[in-house]
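S.K.: Could you have a look at this structure, given as structure tokens, before my questions?
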Amino acid sequence: MSERSGAITFKGNPMTLVGDEVNVGVTAPDFTAVGNDMKPVSLSDYKGKVVVLVSVPSLDTPVCDIETKRFNEEAGKLGDKVALLTVSLDLPFAQKRWCGAADAKNVVTVSDYKDRQFGQSWGLYIKELGLLARAVYVIDTQGVIKYAELVSEVTTEPNYDAAISAAKVLV
């Protein structure tokens, strides 16, 4: 498995990402993670929809909390042709608790805790922290990545407007 040193930072310190970078124009790698009900959830389950795929380190941190609430709010405005998936390494039970506390009904949270298939196949697993990097992808109905943002500093928020605009163009 390849490693990319210094691709991102955490509080200014360079981090190493495990896996190859996934870029605009390629077919999104499929993955299977675990839903809040402990059942498998795959990216391919959303074929035919525009998918906003968000990767966060942990829902129980301030920036991830703000980000996921914002994307939940935006997802409610996008309609049923768009699916918003947020992936983290939080246990499904913690994700379910967070969604309940945040009244997050428009975002689907899935956990990569079991196999770390998503983190490695998308090149977002942070070796030093054992968490996922912060990133946002917009995938068209054919499964091709049309927008990608790997947030360079883990403690900062992504460009919400650019991601939502990219999704709206595809609907």
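The values are calculated or read from the model by the stated rules, or taken from the named source; none is laboratory data. Being a predicted model, the structure only gives us computed values, none of them experimental. Neighbour counts are summed over all protein chains in view; Cβ atoms, including those assigned to glycine, are modelled from backbone coordinates with ideal geometry.
S.K.: Scanning the stretch 1-57 for residues that are under 16 Å from the mean Cα position of the chain (by Cα) and among the small types (G, A, S), which turns out farthest from A167 (Cα to Cα)?
M.R.: Among those residues, the one meeting the criterion is G19.
S.K.: Tell me whether the stretch 96-104 contains one or more residues that are among the small types (G, A, S) and at pLDDT 95 or above. Full working, then the answer.
M.R.: We begin by selecting, within the stretch 96-104, every residue among the small types (G, A, S); these are 100-102, 104.
If we keep only those that are at pLDDT 95 or above too, we end up with none.
Within the stretch 96-104 (the criterion being among the small types (G, A, S) and at pLDDT 95 or above), the answer is no, since none of the residues qualifies.
S.K.: Here is a further query. Quick test of your reading of the structure: T61 fulfils all but one of (1) modelled with pLDDT of 95 or more; (2) crowded, with 16+ Cβ neighbours inside 10 Å. Name the failing condition by number.
M.R.: Exception for T61: condition (1).
S.K.: Another one. For K69, which of the numbered conditions (1) charged (D, E, K, R); (2) within 19 Å of P158 (Cα to Cα); (3) surrounded by 17 or more Cβ atoms within 10 Å (Cβ to Cβ) fails to hold?
M.R.: Evaluating K69 over (1) charged (D, E, K, R); (2) within 19 Å of P158 (Cα to Cα); (3) surrounded by 17 or more Cβ atoms within 10 Å (Cβ to Cβ) leaves (3) as the failure.
Residue by residue, here is whether (1) surrounded by 16 or more Cβ atoms within 10 Å (Cβ to Cβ); (2) of a type in the set (D, E, K, R) holds:
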{"residue": "A94", "(1), (2)": "yes, no"}
{"residue": "A101", "(1), (2)": "no, no"}
{"residue": "R116", "(1), (2)": "yes, yes"}
{"residue": "I126", "(1), (2)": "yes, no"}
{"residue": "Q142", "(1), (2)": "no, no"}
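S.K.: For the stretch 47-66, which residues satisfy the criterion of being closer than 14 Å to V151 by Cβ and not small (G, A, S)? If you could, list the steps in order and put the result at the bottom.
M.R.: The initial filter retains those residues of the stretch 47-66 that are closer than 14 Å to V151 by Cβ, namely 53-57, 61, 63-64, 66.
Once the filter is applied, which keeps residues that are closer than 14 Å to V151 by Cβ and not small (G, A, S), the stretch 47-66 yields L53, V54, V56, P57, T61, V63, C64, I66.
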